[in-house]
Amino acid sequence: MINALKGIKDIFDKQAKLYEKVVRTCEEVAINYGFSFINTPHLELSKLFRRSVGESSDIVGKEMYEFVDKGQNEVCLRPEGTAGVVRAYIEHKFDKSMSVKRWFYHGSMFRYERPQKGRLREFHQFGVESFGTPSVYEDAKLIAMLNTILKKLEIQTRLKINSLGCEKCIGVFKQKFLAFVENKEGFCEDCLRRKEQNVIRILDCKNEHCQELLKNHPKLSECLCEECRQDFSLLKELLIASGISFECDERLVRGLDYYSKTAFEFESDELGAKSAVAGGGRYDRLISYLGGKQGYGVGFAIGIERLMAILELKGQKELRKGIYLCALDEAFIKELFTLSLKLQENKIVHFSHEAKKLAKHLNQADTLGAEVFLCMGEDEAQKQSLFYKNLNTKEEKLIHLKNLEQAL
Ligand code: HAM
């Protein structure tokens, strides 16, 4: 049998419905904000991403699906959407007149990463790119748009923002930060490479020891020029006025090299470890860097599978109902039987009259879709209590029998 490659998945039935729901919601909001659809190729010249995403990024350094085609062109499957859209803006000469263009797109991106929950090798993004507008009002608008999408999907996230400053500010910061890093010993191998290629990338390192070494690092906010400082203040004011909560994160530098000024990420804890469900920022320098006329660009992209995974978990939680009541020992079954009848007067109760191991009972409770798990073993019986576990929140505690009805 020939299977799909590792980290690359078919999407059908329930998953396909979730996929459609996410894309439809994103499209509706994007259209209301004045964006129109653009479709760019999956295959591009590798140098497009080398120049834009940057040699120092993990994406270009380690994760691109690259090959030489039959015409001897070095090509790759797109690892992200922004570079291709900027290329299209320049190729169709919109840069010449600094045209205002607001485009959205969705589709496959490819990164050779280690697959895990919420991290695939072929994944899908919904992204937007806005060209021709230098004002930070556009940045605030995009953040508000992303916030609206997440609100419509009823997904709770935390917003983190930072300003990476313009070329002047980042130059000053890089010098200070390099001097700080050179004074410390013990950074990981990746950070030593980052130091040579693009030192600010060290701020992004997840290694605990490097995080420790970074304590009291020089702050980007202290290196911002007057214009960048004012822009960042206005952005914060606009978000507060729009009722969008955020936190400023001095270490948010994003994993791609093209950003300047505003950078932002929406994060969620739902998928286990903290993970970004969407991210973006301003990339004014990128247009001239890719051969166009100096211009303005800002955008973001959402990880569609990450939102689908959160919606799926939420759906499962919402469907959980009732109590699973059980015992680890035959000796307690009779007492629990009478308790189950009492609880059943106004609650859904799945009573197990078989004594089994805890793991087996938990499995059964999960299969039945119960929300609350109650169990009596010897320890609990001695204390006239029940072991309580909420299968949604994973909260565990002991509840005394006389407090049970109130606790439930
Ligand atoms: P990014 O932060 O690399 O930004 O990706 C955006 C989102 O794609 C992430 O927040 C995450 O939800 C999702 N994502 C990334 N890698 C994976 C993966 N391996 N598996 C599943 N989901 C993933 C960009 O790509 C920029 N182009 C965003 C942008 C647009 N900036 C300006 N305009």
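The values are calculated or read from the model by the stated rules, or taken from the named source; none is laboratory data. Everything numeric in this text was worked out from a predicted model, so none of it was measured. Every residue, glycine as well, gets a Cβ built from its backbone with ideal geometry; the counts of neighbours run over all protein chains shown. These accessible areas exclude ligands, DNA and RNA; they are computed on the full protein's heavy atoms, side chains included. Shrake-Rupley method; radii C 1.70, N 1.55, O 1.52, S 1.80 Å.
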GNM on the chain, Cα springs under 10 Å; top mean-square fluctuation among N346, N39, N198 goes to N346
Farthest toward positive dipole pole in the chain [+1 Lys/Arg, -1 Asp/Glu at C-beta], among Y112, V100, C191
V100
Of the accessible area of the chain, computed with a 1.4 Å probe and all protein chains kept, carbon and sulfur make up a percent value of 49 percent
Distance from the Cα centre of segment 265-333 to that of segment 211-239, in angstrom?
26 Å
Treating each Cα of the chain as an identical point scatterer and ignoring solvent, apply the Debye formula and state log10 I(q)/I(0) at q = 0.06, 0.10 Å⁻¹.
-0.34, -0.79
Pairwise label distance in nanometres, K394 with K293, each label 7 Å out on the Cα-Cβ vector
5.5 nm
Nearby lysines by direct alpha-carbon distance to K101 (threshold 16 angstrom, same-chain neighbours under 8 apart not counted)
K93, K141, K293
Can you work out the FRET efficiency for the pair I31 and K317, with r the C-beta to C-beta distance and R0 = 22 Å, to the nearest 0.05?
0.10
Zone reached by a paramagnetic label modelled 7 Å from Q344 Cα along Cα→Cβ, restricted to segment 371-408 with backbone N below 19 Å, covers 371-376, 405
Shape category assigned to segment 323-407 from the gyration tensor of Cα positions, a/c cut at 1.5
rounded
Do you know the relative contact order of the chain, to the nearest whole percent, from alpha carbon pairs under 8 angstrom that are 6+ apart?
16 percent
Accessible area, 1.4 Å probe, largest first: how do V100, V277 sort?
V100, V277
Proximal charge balance of L341 [Cβ under 14 Å; K/R count +1, D/E count -1]
0
Explain nothing, just the number: dipole magnitude of the chain about its Cα centre with +1 on each Lys and Arg Cβ and -1 on each Asp and Glu Cβ, in debye rounded to the nearest 20.
520 debye
About the Cα centre of segment 135-275, what is the dipole size in debye to 20, counting +1 per Lys and Arg Cβ and -1 per Asp and Glu Cβ, all else neutral?
80 debye
Taking the dipole about the Cα centre of the chain, with the C-beta of Lys and Arg at +1 and of Asp and Glu at -1, give me whichever of V128, I304, I399 is farthest to the positive side.
V128
If one builds a Gaussian network model of the chain from Cα atoms under 10 Å apart, the most fluctuating residue listed among R24, R102, R254 is R24
Once the Cβ-Cβ distance between E222 and A359 is put in as r, and R0 is 41 Å, what FRET efficiency do you end up with, to the nearest 0.05?
0.15
Hey, can you find the accessible area per residue of the chain for me, probe 1.4 Å, expressed in square angstrom?
52 Å²
Difference of contour (0.36 nm per residue) and Cα-Cα distance, K274 to K168:
34.9 nm
Between V68 and E250, how high is the FRET efficiency from 1/(1 + (r/R0)^6) when r is the Cβ-Cβ distance and R₀ = 30 Å? Nearest 0.05.
0.10
For the pairs K184/K219; K14/K206; K160/K261; K9/K62; K321/K389, flag any whose C-alpha to C-alpha distance is greater than 25 Å.
K14/K206
Report the residue, chosen from E396, E226, E44, that carries the largest GNM mean-square fluctuation when the chain is represented by alpha-carbon nodes joined by springs under 10 Å.
E396
